[in-house]
Every structure is written in C-alpha cells, then in structure tokens.
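A short worksheet on the structure shown next.
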Amino acid sequence: MPGTIDDLIASIEVELEAAHKRLKKCGAEVQLILDKAQQDGRSALTVEEDERVAELFAGRDQARSDIAGIENKLANANKIKTEEMEREQKAREAKPTQARRPSYDQVARVGNEERTYRKDQDPLGKGFLMDISRQFLFQDVEASSRLARHMQEERVERAEYMQRATGTGSFAGLTVPQYLTDLYAPATAALRPFADVCNKHPLPESGMSIEISRITTSSDAGLQASQNTAVTNQDMDDTLLTVPVQTAAGQQTVSRQAIDRGNGIEDVTMQDLFNRVATRLDTTLLNQATTGLSAVAQANAYTDASPTGAEMYPKILGAAAGVEANLLAMGAPSHAVMHSRRWYWLSSQMSSTWPMINTVGLPVQASGQLNPNSSYASGPRGVLPCGLEVIVDNNIATNLGAGTNEDELYVVPASECHLWEDPNAPLFIRAEQPAAASLGVLLVAYSYFAYTFGRYVNGMQKVGGTGLVTPAF
C-alpha cells in the first residue's frame with residue numbers, strides 16, 4: 001500500500017535527521033572544548049577533557065556509521081516505493097479483451113484491508129483479550145494467527161514505536177490496539193488529569209535515566225570602568241540533573257472460567273488495568289517523595305480557622321507571583337491544580353467584592369468562570385480571575401497537616417512540568433500461565449515514564465495549611 005511505504009520512508013528520514021544531529025553535536029562539543037583550552041592559554045587538555053573528546057570522537061564515528069546504514073535503508077525503501085508505483089501504473093492500464101463484462105452486482109471490489117481488531121466491531125477489546133488468554137492457555141491456533149496478524153499491522157503502521165517498545169528489556173509483549181488505550185479516560189478512577197497538561201517529550205530509546213544540564217552559576221555583565229579596561233567576567237557552571245525512568249505497572253490473574261465464559265472480562269481486566277497504570281503515573285508525579293510536585297513546590301501558608309474563598313484567592317496570587325519571580329522569562333504560571341473538593345468549595349463561596357484586575361473575557365463581577373463542557377480528566381475545569389486554568393485532580397492528597405485533613409493547591413507553569421513517555425503512550429499486555437493447578441492466567445500492563453519539576457529552584461509553588469482543611473458546604 002502506498003500509504004504504508006510512505007510512512008516507512010518518513011520514519012527512516014526522521015531517523016536519518018536524528019543521526020545527522022548527533023554527528024553535528026559531537027563535532028560542536030569537541031570544538032567548544034578546544035576553544036576553551038585556547039582561551040585559557042593551555043597547551044594541553046585536562047584528563048577529563050581528553051576523555052570527553054575521545055568519547056565524542058567515538059560518538060561521531062558511530063553517528064557516521066549509522067548515517068551510512070540509514071541512507072542505505074532509505075535507498076532500499078525508495079526503490080520499493082518506485083517499484084510499487086510502477087506496478088500500480090501497469091495495473092491501471094486498460095487492455096481490451098474478448099471477455100464479456102460481468103453484471104454490476106457480480107463485480108468484486110477490493111479496498112484497504114481492515115485491521116484485525118477494530119473499534120466498531122470490538123469496542124471494549126473483548127476479542128483481543130480472549131485471544132491473548134486462549135493463545136497462552138490453550139495454544140489456540142486461530143487466536144495465535146489473529147495476534148500475529150495484529151502485531152504485523154502494528155509493525156507496519158507504528159514501526160518506530162514498536163522498535164522502541166520491544167527493544168527495552170526482555171519482555172515478550174503484545175501491543176494493545178491503540179484505540180483501547182484511550183478507554184481509560186471515561187472509567188471510574190482518579191486517572192491522570194495533571195499528567196495530561198504536563199510538557200510531554202518522547203522517552204529516549206534506551207537507558208534508565210535522563211541527564212539534564214542545569215545552569216547553577218550564570219555569566220555576568222557590568223559597566224566598563226573606562227575605555228580599554230577589563231570587562232566583567234563570571235565563569236558559568238552547571239549541575240547535572242538526573243531524572244530516573246520509572247515503570248507504572250499492574251497485574252491481574254484471570255480465571256479460566258472467566259476466559260471461557262467471557263462475561264464482563266473486558267471491564268474487569270482490560271480497562272481496570274489501564275486505569276490503575278494511568279492513576280499510578282499521575283499520583284507519582286504529584287506525591288512521590290523528594291521529586292514529586294508536593295515535595296518540590298515552594299510552600300505558601302494559608303492558616304485560618306474559618307477559611308473563605310476571598311481570603312484564599314490572594315494566596316493563590318502570591319503563589320503565582322512566586323512562580324514568575326523565580327522563572328522570569330523562562331516560564332509563566334499557567335495552571336492551578338487542586339482537588340475536586342477545593343474546586344467545589346471555591347465555587348460555593350459568595351462575595352460582594354471582586355478583583356481589581358480580571359483576565360480578558362471574564363465577567364467583571366465574577367471570581368472565576370466554569371467551563372460548562374469540561375468534566376473530570378477532560379481538560380481545564382475553569383479559569384480564575386488572574387487567568388490561571390484550573391485542573392481538578394483527585395490524586396492530590398487530602399490527609400496532610402497535623403489534623404491529617406488538609407489538601408494542597410499547586411500553581412505551576414505547564415511548560416516546566418516535564419514528562420517523558422513512549423510516543424502515543426503504548427501500553428503492553430503479557431500473558432502467561434503462572435498457576436495451572438488453579439486455572440489462572442496472569443495479565444500484566446505496564447508503561448515507562450520519567451518526569452521532573454526541578455529545572456529551576458522554586459519554579460513550582462503550592463498553597464497549604466489549616467485554611468485547606470476538609471471544606472464545609
């Protein structure tokens with residue numbers, strides 16, 4: 001199919017561009033090291049610089065080798081495309097024959113081949129899940145054939161993602177049909193409202209950590225005292241920020257009886273595992289010790305035995321001011337992330353006064369605006385007078401503080417909430433028979449991710465304290 005070979009060529013071209021960038025980056029860094037040694041008046045490089053230059057030359061050679069291989073692969077793909085176009089051209093050529101034309105209702109027409117697992121025929125993934133179970137439990141030939149055909153379709157349509165996914169570790173995984181990974185959104189679970197507004201990046205193809213250079217000592221500039229006198233000099237310095245790759249995973253043992261009878265298995269297993277993986281990822285971003293948003297964000301205390309919305313709103317603005325003061329032009333406060341109970345409490349507050357400054361489009365006599373088309377985990381719930389979009393996320397803890405009854409409200413710049421995931425967030429299921437005697441089949445869903453909110457100190461802010469105890473309505 002022309003579309004298929006075009007997708008393959010596009011994927012190879014992206015791979016080639018990435019290899020060229022690696023080659024250019026290695027050369028530029030070597031030049032930077034040599035320039036620095038020249039500026040310092042050193043006749044030789046330091047031991048560390050020598051080692052780094054050797055690594056860069058090795059990386060450059062590897063990139064050149066990769067480029068040669070990729071270009072050869074691209075040439076072969078283009079050759080296949082040319083041949084396919086020639087065949088199609090010949091197929092379109094009409095040749096007169098003596099055969100009598102058939103009746104209209106006897107003409108066979110062939111279009112694009114349909115996918116093995118389709119949303120219109122199997123919206124809940126029941127057939128897919130039963131094929132997984134029957135293949136591993138009974139070695140069912142027809143189930144194995146359908147799964148093999150599905151995996152071939154995935155290799156053709158998402159080759160770049162398949163290569164990354166199956167090359168990580170020693171998992172024998174099956175790619176879940178893409179439409180099924182979206183089913184978790186409407187299901188009952190805390191899900192990932194905050195993760196969905198983070199600044200997303202594709203997860204690197206290999207490795208269990210992501211390294212980021214963070215400038216901790218900047219250069220400087222000053223006024224020159226007089227002509228031909230030395231200008232201000234300040235050596236820059238950086239600190240390596242290491243972001244670990246983590247795994248959100250869940251498992252479920254399904255009985256043979258459930259597989260045989262097939263009643264409700266798609267809801268209990270498939271969707272629920274997806275829900276839990278999504279929820280675990282989001283709650284990790286918010287609550288993980290040391291690196292989670294709650295641990296990283298700078299605290300703004302709101303202490304009040306009788307809290308009101310009018311008193312709390314300035315605290316939110318104070319947090320927003322803290323974000324801007326620490327990031328300046330590197331980012332701006334964009335979202336207020338809060339628990340649903342805090343959003344409804346703010347919505348319940350009545351006031352006869354209004355902010356002096358409102359965001360564009362917001363009614364003057366209003367302390368916020370609700371998005372009527374939004375529901376849980378479906379985007380911003382509303383907007384505050386200062387323009388902050390509200391994200392409601394029930395993965396936020398509600399057992400904080402001395403009374404274990406407080407929640408927190410976060411003011412964040414979405415551009416600095418970095419989240420790395422596999423492209424299209426593919427999830428995988430692995431099935432095996434761990435307990436034949438008890439007639440059980442193990443199903444496992446997992447996903448790799450990495451995140452950081454720590455590129456800038458105090459770039460995240462939070463409001464907490466006794467003013468955020470369990471609200472009374």
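The values are calculated or read from the model by the stated rules, or taken from the named source; none is laboratory data. As the structure is a prediction and not an experimental result, all values here were calculated from the model. As a convention, Cβ positions derive from the backbone with ideal geometry for all residues, glycine included, and neighbour counts pool all protein chains shown. Accessible surface areas use protein heavy atoms only, side chains included; no ligands, DNA or RNA. Shrake-Rupley method; radii C 1.70, N 1.55, O 1.52, S 1.80 Å.
In the range 350-386, of all residues being within 22 Å of Cys198 (Cα to Cα) and among the hydrophobic types (A, V, I, L, M, F, W, C), the one that is least open to solvent (accessible area, probe 1.4 Å) corresponds to Leu384.
Residues in the range 439-473 that are open to solvent by 30 Å² or more (accessible area, probe 1.4 Å) and either β-branched (Val, Ile, Thr) or without any contact (Cβ under 8 Å) to a residue 24 or more places away in the chain (or both): Val457, Thr466, Val469, Thr470, Ala472. Screening Glu389 on (1) open to solvent by 30 Å² or more (accessible area, probe 1.4 Å); (2) over 23 Å from the mean Cα position of the chain (by Cα); (3) among the acidic types (Asp, Glu) shows it passes everything except condition (2). For the range 207-220, a residue qualifies if it is open to solvent by 90 Å² or more (accessible area, probe 1.4 Å) and not acidic (Asp, Glu), and the qualifying residues are Met208, Ile215.
Residues that are exposed (fewer than 12 other Cβ atoms within 10 Å of the Cβ) and under 20 Å from Asp235 (Cα atoms) within the range 48-63 comprise just one, Glu48.
Of all residues in the range 21-47 being outside any helix (DSSP H, G or I) and of a type outside the set (S, T, N, Q), which is least open to solvent (accessible area, probe 1.4 Å)? So the residue we want is Leu45.
Among the residues of the range 29-61, how many are within 30 Å of Ala77 (Cβ to Cβ) and without any contact (Cβ under 8 Å) to a residue 12 or more places away in the chain? Residues in the range 29-61 being within 30 Å of Ala77 (Cβ to Cβ) and without any contact (Cβ under 8 Å) to a residue 12 or more places away in the chain: 2 in total.
For the range 221-243, which positions are free of Cβ contacts under 8 Å to residues at least 24 places away in the same chain and open to solvent by 90 Å² or more (accessible area, probe 1.4 Å)? Leu223, Gln224, Ala225, Gln227, Asn228, Ala230, Val231, Asn233, Asp235, Met236, listed by residue number. Based on this model, can you work out whether Pro385 counts as at pLDDT below 95, assigned to a loop (DSSP other than H, G, I, E, B) and not small (Gly, Ala, Ser)? When the stated conditions are applied, Pro385 passes them.
Okay, residues lined up against (1) modelled with pLDDT of 85 or more; (2) open to solvent by less than 70 Å² (accessible area, probe 1.4 Å); (3) over 16 Å from the mean Cα position of the chain (by Cα); (4) not charged (D, E, K, R):
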residue	(1), (2), (3), (4)
Phe171	no, no, yes, yes
Leu174	no, yes, yes, yes
Pro177	no, yes, yes, yes
Asp182	no, no, no, no
Ala185	no, yes, no, yes
Ala195	yes, yes, no, yes
Cys198	yes, yes, no, yes
Glu205	no, no, no, no
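Please determine whether any residue of the range 94-105 is modelled with pLDDT of 75 or more and open to solvent by 60 Å² or more (accessible area, probe 1.4 Å). The answer is no, given that none of the residues of the range 94-105 is modelled with pLDDT of 75 or more and open to solvent by 60 Å² or more (accessible area, probe 1.4 Å).
Please specify each residue of the range 6-53 satisfying the condition of being out of contact with any Asp or Glu (no Cβ under 6 Å at 6 or more places or on another chain) and of a type in the set (Val, Ile, Thr). Working first, answer last.
Within the range 6-53, the first condition is being out of contact with any Asp or Glu (no Cβ under 6 Å at 6 or more places or on another chain), and the residues that meet it are 6-10, 12-18, 20-32, 34-53.
Ile9, Ile12, Val14, Val30, Thr46, Val47, Val53 - these are the residues of the range 6-53 that are out of contact with any Asp or Glu (no Cβ under 6 Å at 6 or more places or on another chain) and of a type in the set (Val, Ile, Thr).
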